[in-house]
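The values are calculated or read from the model by the stated rules, or taken from the named source; none is laboratory data. Because the structure is predicted, anything quoted here is derived from the model rather than measured. With ideal geometry, Cβ positions are generated from the backbone for all residues, glycine too; neighbour counts draw on all protein chains shown.
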Amino acid sequence: MDNLTHSLVGLALGELANRALPAHPDPHKARTRRRVLLATGALASNFPDLDLVLTPLLAPPLGYLLHHRGHTHTLLYALPQIALLLGLLWLLWPGARRLMRDDRVARNAVLATSALGMVLHLSLDFLNVYGVHPFHPLDSRWLYGDMVFIVEPVFWTALGIALALLVPNRVLRWLFAALILAAPVAFTYLGFLQWGSLAGLLMVAGVVAVMARRGGSAGLVTAIVACLGFIAVQGVAGHLAREQIRSALAQLEPGSRILDMPLSAFPSNPLCWSFATITDNGGAESYAVRIGALSLAPGVSDVAACPARFGGAPGGAGLEGTLSWKYKEHGSLAGVRALQQDNCHFDGWLRFARVPSLIDGKATDIRFSAPGVDNFSTLPYAEMADRPCPAPVPQWARPRQDLLD
């Protein structure tokens, strides 16, 4: 997920942790405790993304592909990150040091908030099509939720409004709330969101605001329930989308074996999905990659009405109003296997790539852009063939090992 979402989740965690503790009799120490817990939650929820400092260890694009969402996004390496965060708070913030030294209850709350913040970061990153491998080194496979778009305004709106209305200063309170609401309006104007999605977001904001007026933690709890409910809806919608894609693919390519079906949600829109399919054609010793878009309710939102910036505009044959096939690419299993054996850069790239497209000496994971368009994953493997092999290469399991076996 984006770091604004991570930050809002961390701040909500810190606020709820503070409210769960007994009221402190000393107003000054009470303010310090709240600030320390808010800071701990926000920092812990962003700490795993410090792996960006490791990306120079490998030449582009492998540095980013293999080190971002890498070791710092595992449960094992969350432990030293928690220790580092607590150590920095102790060394750099005298108020936090006194709090953790003198107040056992607050100290335990800070420790729990830092640990839960790390876990929430991994959990949120799991939800989208990019994936994580949290159980390395016991299990180095990538895990994908394929449920929520990587930048999701539902989280911004629900949590942002709830937190903004807790700001003591009235001017800042309404300024922050206005900025939160301005974001989805701007995204709709720019074509990233449908007007129906904007209406849903404004409704969520209204419900959270009404509950926040009741005082206590009602606004935050309502925001969290809204976020969890949205994730549940996306999970169900994703399952329905897979069934429709599977049925359409069976008619289009009978007898093929589906190896993977990555789904990418449209932001704040359970009806629109972009997808890829990777199939093995068995005896033909070939595989096929297809890209498409789907609407679960064409009567409400035709697939052509899904936001074009995320692949909603139809680009090929399909089921009228429901599904649009946009791109197809065939590849040789023997060719991929030979390239993996002969080109160590491509072999490293395969430890990230889930939807490989090989065109003109370049390898691109087309989860992240239109076919034929370079993105951050594009590897010019042909021109890199004579360069020294990349090292160190993290030993993540290859998502497309099924093409190599």
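Observations, loosely collected:
- Selected residue (criterion: modelled with the lowest pLDDT) from residues of the stretch 336-380 that are of a type in the set (Phe, Trp, Tyr) and not in a helix (DSSP H, G or I): Phe368
- Residue in the stretch 364-377 that is over 20 Å from the mean Cα position of the chain (by Cα), under 23 Å from His133 (Cβ atoms) and not acidic (Asp, Glu) present: no
- Residues in the stretch 151-195 that are aliphatic (A, V, I, L, M), over 24 Å from the mean Cα position of the chain (by Cα) and under 16 Å from Ser217 (Cα atoms): Leu165, Leu166, Val167.
- Elements of type strands (runs of 3 or more DSSP E) in the stretch 221-315, at least 1 residues being farther than 23 Å from Ile366 by Cβ: 269-280
- Within the stretch 365-400, being of a type in the set (Lys, Arg) and either in contact with a His (Cβ under 8 Å, 6 or more places away or on another chain) or closer than 13 Å to Leu62 by Cβ (or both) holds for one residue alone: Arg387.
- Condition check for Arg104: closer than 22 Å to Pro390 by Cα and among the charged types (D, E, K, R): no
- Output for the stretch 69-87, where each listed residue is over 17 Å from Leu116 (Cβ atoms) and in a helix (DSSP H, G or I): His71, Gly87
- Top-ranked residue in the stretch 334-349 [being of a type outside the set (Gly, Ala, Ser) and touching a helix residue (DSSP H, G or I) at 6+ places or on another chain (Cβ under 6 Å); ranked as surrounded by the fewest Cβ atoms within 10 Å (Cβ to Cβ)]: Arg337
Residues are listed down the side, and each one gets a yes or a no for (1) exposed (fewer than 13 other Cβ atoms within 10 Å of the Cβ); (2) polar (S, T, N, Q); (3) within 24 Å of Ala297 (Cβ to Cβ); (4) more than 21 Å from the chain's Cα centre (by Cα):
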{"residue": "Ser197", "(1), (2), (3), (4)": "no, yes, yes, no"}
{"residue": "Gly215", "(1), (2), (3), (4)": "yes, no, no, yes"}
{"residue": "Ala218", "(1), (2), (3), (4)": "no, no, no, yes"}
{"residue": "Cys227", "(1), (2), (3), (4)": "no, no, yes, no"}
{"residue": "Gly235", "(1), (2), (3), (4)": "no, no, yes, no"}
{"residue": "Arg242", "(1), (2), (3), (4)": "no, no, yes, no"}
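- The stretch 105-138 - residue that is loosely packed, with under 15 Cβ neighbours inside 10 Å and in contact (Cβ under 8 Å) with a residue 60 or more places away in the chain and, of those, nearest to the chain's Cα centre (by Cα): Phe135
- Conditions (1) modelled with pLDDT of 95 or more; (2) of a type in the set (A, V, I, L, M); (3) touching a strand residue (DSSP E or B) at 6+ places or on another chain (Cβ under 9 Å); number of the one not met by Ala265: (1)
- Test: Leu143 is closer than 30 Å to Gln395 by Cβ and surrounded by 15 or more Cβ atoms within 10 Å (Cβ to Cβ): no
- Counting the residues of the stretch 121-151 that are outside any loop (DSSP other than H, G, I, E, B) and out of contact with any Ser or Thr (no Cβ under 6 Å at 6 or more places or on another chain) gives 7.
- The residues in the stretch 16-48 that are within 23 Å of Phe135 (Cβ to Cβ) and touching an Asp or Glu at 6+ places or on another chain (Cβ under 9 Å) can be counted, and the count is 1.
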